[in-house]
Amino acid sequence: MGARIHGMGTSTLVIDGVKELGGCFHEIIPDRIEAATYILIASAMAEDMMIENVIPQHLEAILSKLAEIGINMDIGSDFVHVFGNDPDTELKPTEITTKPYPGFATDVQQPFTPLLTRARGQSVVSEGIYSERFKHCYEMNKMGADMHVRVPSGFIYGPTPLHGAVVKATDLRCGAALVIAALMAEGETEIHDIYHIDRGYDNLDNKLRSLGANIWRETVE
């Protein structure tokens with residue numbers, strides 16, 4: 001477009017002003033956090049699910065952890081195919097530390113946590129980015145999870161079957177975690193303050209219904 005920008009790939013960008021910019025064609029990259037959330041949903045409950053229009057290189061840290069705990073996947077140039085995962089099968093415990101890209105994304109650790117309730121033993125999630133990102137643990141404990149928080153780490157003990165409960169989405173990724181936990185849980189789960197979820201996921205409930213989930217919205221007077 002005619003800009004003069006230096007320092008790509010470093011921690012500092014230097015921008016020299018120009019008189020004008022021209023037009024160009026630019027394709028927006030897929031949202032790696034949304035892609036990771038659907039991959040986690042598939043890992044939690046789907047027998048066979050294809051997540052398309054993703055850039056797997058942007059998800060390497062998350063995909064490697066899923067493979068480590070026992071999730072079956074086929075990874076292509078622009079898709080992740082999750083298949084052959086029995087929701088009743090125990091997974092392996094793991095340790096996660098969130099880091100800046102290309103490390104494990106802090107926005108993914110909350111949606112990842114419900115899967116660890118199926119792992120036998122202790123899993124540890126440590127926050128290297130945002131130490132307060134553990135409010136979902138208290139909500140998931142209402143659903144039967146066994147999670148303990150000692151900032152900057154959360155400790156998940158399993159396996160613990162989840163059950164329906166009334167919970168609250170305290171933030172965007174907490175909401176995503178609770179949706180995944182609700183899909184895994186026995187019985188009905190009621191999630192409040194879903195406006196947090198709507199900030200980051202377009203039409204999530206309808207997309208999940210199209211996959212066979214029993215999920216709906218209710219307006220509280």
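The values are calculated or read from the model by the stated rules, or taken from the named source; none is laboratory data. Every value quoted in this text rests on a predicted model; they were computed, and no experiment measured them. Cβ placement follows ideal geometry from the backbone for every residue including glycine, while neighbour counts extend to all protein chains displayed. Ligands, DNA and RNA are excluded from the accessible area calculation, which covers all protein heavy atoms including side chains. Shrake-Rupley method; radii C 1.70, N 1.55, O 1.52, S 1.80 Å.
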Short version: what are the Cα gyration tensor semi-axes of segment 82-121, square root of 5 times each eigenvalue, largest first, in whole Å?
22, 12, 8
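So which chymotrypsin sites (Phe, Trp or Tyr not before Pro) in segment 1-84 are both in a DSSP loop and have at most 11 other Cβ atoms within 10 Å of their Cβ?
Phe25
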Within the chain, what whole-number % of the accessible surface is contributed by carbon and sulfur, with the 1.4 Å probe and all protein chains included in the calculation?
51
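Sequence gap at least 6, Cα distance under 8 Å: using those rules, report the relative contact order of the chain to the nearest whole percent. Numbers along the way, then the final one.
Numbers: 398 pairs, mean separation 30.2, N = 221.
This gives 14 percent for the chain.
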Under the rule rounded for a/c under 1.5, else prolate if a/b exceeds b/c, else oblate, using alpha carbon gyration tensor axes a ≥ b ≥ c, segment 104-191 is classed as oblate
For the pair Thr170 and Leu21, the simple spin-label estimate (label points 7 Å beyond Cα toward Cβ) gives in nm 3.9
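Counting other Cβ atoms within 10 Å, keep those with at most 12, restrict to DSSP loop, and tell me which GluC sites (Glu not before Pro) in segment 46-92 are left.
Values: sites: Glu47, Glu52, Glu60, Glu68, Glu90; in loops: Glu47, Glu90.
Of the GluC sites (Glu not before Pro), the ones in loops of segment 46-92 whose Cβ has at most 12 other Cβ atoms within 10 Å are Glu47.
Solvent-accessible area per residue for segment 66-213 at a 1.4 Å probe radius, Å²?
Values: 6770 Å² over 148 residues.
That works out to 46 Å² for each residue.
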Calculated from DSSP H runs of 4 or more alone, at -39500 (n - 2.57) each and per residue, what is the 222 nm mean residue ellipticity of the chain, nearest 500?
-8500 deg cm²/dmol
Cα-based reach from Lys99 at 24 Å (exclusive), listing lysines while leaving out same-chain residues under 8 positions away:
Lys65, Lys135
Between Thr94, Thr189, Thr12, find the one with the highest GNM mean-square fluctuation for the chain; connect C-alpha pairs within less than 10 Å.
Thr12
Label zone at Tyr130, where the point sits 7 Å out along the Cα-to-Cβ direction: segment 148-179 residues whose backbone N lies under 12 Å
170-176
Under the 7 Å Cα-to-Cβ spin-label approximation, His163 and His81 lie apart by a distance in nanometres of 3.9
Euclidean distance of C-alpha centroids, segment 162-192 and segment 22-84, integer Å
22
From the P(r) of the chain, could you give the percentage of C-alpha pairs in the tail past 32 Å?
22
For the chain, set up a Gaussian network in which alpha carbons nearer than 10 Å are linked by springs, and say which option among Val80, Val124, Val14 fluctuates the most.
Val14
